[in-house]
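Have a look at the structure below, then the notes.
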Amino acid sequence: MKIKESKFIGSFANNTQLPKDRLPEIAFAGRSNVGKSSLINTLLARKNLARISNTPGKTQLLNYIRVNDAFYLVDLPGYGFAKVPKSEKRRWRLMIDDYLKESPYLRGVVSLIDSRHGPANSDLELISWLAELEIPCLVVATKVDKLNRKQFNESQNRILQTIERFPVHGPLFISSANGQGKKELWQSISNLLE
Ligand SMILES: Nc1nc2c(ncn2[C@@H]2O[C@H](COP(=O)(O)OP(=O)(O)O)[C@@H](O)[C@H]2O)c(=O)[nH]1
Ligand SMILES: [Mg+2]
């Protein structure tokens, strides 16, 4: 994928305000702090287009980034952060539910899991939810730069074993710190967009 232009379009609290230009969308979902925003920045070779945060659970908005005037990458609010109260979790679920069910331009969801200890139960909940809604799902394991070879093999086995019962693409293993896996991820995103 050749990136000619990428632009932050806005943060939206609900479905009624979303951009109306009917471009296809790829959404990025995962637990708070898993590396969603970092990955979007890495994909677009931008430093801080998607906002990287050290205070998980603070970005409860749908963040839209337009690429090449051709499609959107959507940074979804993170889930599964332990300190977030129940009411907040419920709000997350309702918002994402609306988004997933009522986004005619959504072509697929990149489901991010932490390569060090994922998938978490909340990750598997999302993956099975996407399967139910028949939304294509690409599993991406993040932060592989933090693993040594042995840990990488363990991670790969664990992730493969847990997701094999779901109809997902991947897993791909990536690092926003060193760019590992970026090319493969763009290839998979292109496939989802086609
Ligand atoms: N070592 C390493 N750190 C990462 C990577 N991706 C994200 N991080 C760090 O993880 C933290 C959370 O990242 P962020 O992108 O804000 O996660 P988000 O909450 O899912 O959007 C930040 O401190 C990032 O610098 C990666 O691939 N490798
Ligand atoms: Mg983020």
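The values are calculated or read from the model by the stated rules, or taken from the named source; none is laboratory data. Just so you know, these numbers come straight off a predicted model, no measurement behind them. With ideal geometry, Cβ positions are generated from the backbone for all residues, glycine too; neighbour counts draw on all protein chains shown.
A few remarks follow.
Residue-by-condition table, conditions (1) part of a loop (DSSP other than H, G, I, E, B); (2) touching a Pro at 6+ places or on another chain (Cβ under 9 Å); (3) not aliphatic (A, V, I, L, M):
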residue: 7; (1), (2), (3): no, no, yes
residue: 23; (1), (2), (3): yes, no, no
residue: 30; (1), (2), (3): no, no, yes
residue: 60; (1), (2), (3): yes, yes, yes
residue: 72; (1), (2), (3): no, yes, yes
residue: 84; (1), (2), (3): yes, yes, no
residue: 95; (1), (2), (3): no, yes, no
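- Looking only at residues in the range 11-31 that are under 17 Å from the mean Cα position of the chain (by Cα) and away from ligand 1 (no atom under 16 Å from the Cβ), the one that is modelled with the lowest pLDDT is 12.
- Restricting attention to the range 138-154, the residues being out of contact with any strand residue (DSSP E or B) (no Cβ under 8 Å at 6 or more places or on another chain), among the basic types (Lys, Arg) and touching a residue at least 12 places away in the same chain (Cβ under 8 Å) number 1.
- Residue count for the range 15-31, restricted to those that are touching a helix residue (DSSP H, G or I) at 6+ places or on another chain (Cβ under 8 Å), crowded, with 21+ Cβ neighbours inside 10 Å and more than 16 Å from residue 139 (Cα to Cα): 0.
- Residues that are in contact with a Cys (Cβ under 6 Å, 6 or more places away or on another chain) and either within 16 Å of ligand 2 (Cβ to nearest atom) or at negative phi (or both) are absent from the range 145-156 altogether.
- Pick from the range 32-49, criterion more than 7 Å from ligand 1 (Cβ to nearest atom) and not in a helix (DSSP H, G or I), ranking: surrounded by the most Cβ atoms within 10 Å (Cβ to Cβ): 49
- Of residues in the range 57-87 being loosely packed, with under 15 Cβ neighbours inside 10 Å and of a type outside the set (A, V, I, L, M), the one nearest to ligand 1 (Cβ to nearest atom): 58
- Checked against the criterion of being modelled with pLDDT of 95 or more, within 15 Å of ligand 1 (Cβ to nearest atom) and not in a helix (DSSP H, G or I), the range 155-168 contains not a single residue that satisfies it.
- Residue list for the range 136-194, filter: buried (at least 19 other Cβ atoms within 10 Å of the Cβ), of a type in the set (A, V, I, L, M) and touching an Asp or Glu at 6+ places or on another chain (Cβ under 6 Å): 172
- Inter-residue pairs, beta-carbon under 6 Å, first closer than 14 Å to residue 74 by Cβ and modelled with pLDDT under 95 and in the range 36-50, second near ligand 1 (Cβ under 10 Å from one of its atoms) and part of a helix (DSSP H, G or I), 6+ apart: 49/41; 50/37; 50/40; 50/41
- Consider the range 101-119 and keep the residues that are at pLDDT below 95 and farther than 18 Å from residue 189 by Cβ. The one that is surrounded by the most Cβ atoms within 10 Å (Cβ to Cβ) is 118.
- Residues of the range 123-146 classified as over 14 Å from residue 165 (Cα atoms), more than 12 Å from the chain's Cα centre (by Cα) and either part of a strand (DSSP E or B) or more than 16 Å from ligand 1 (Cβ to nearest atom) (or both), total: 4
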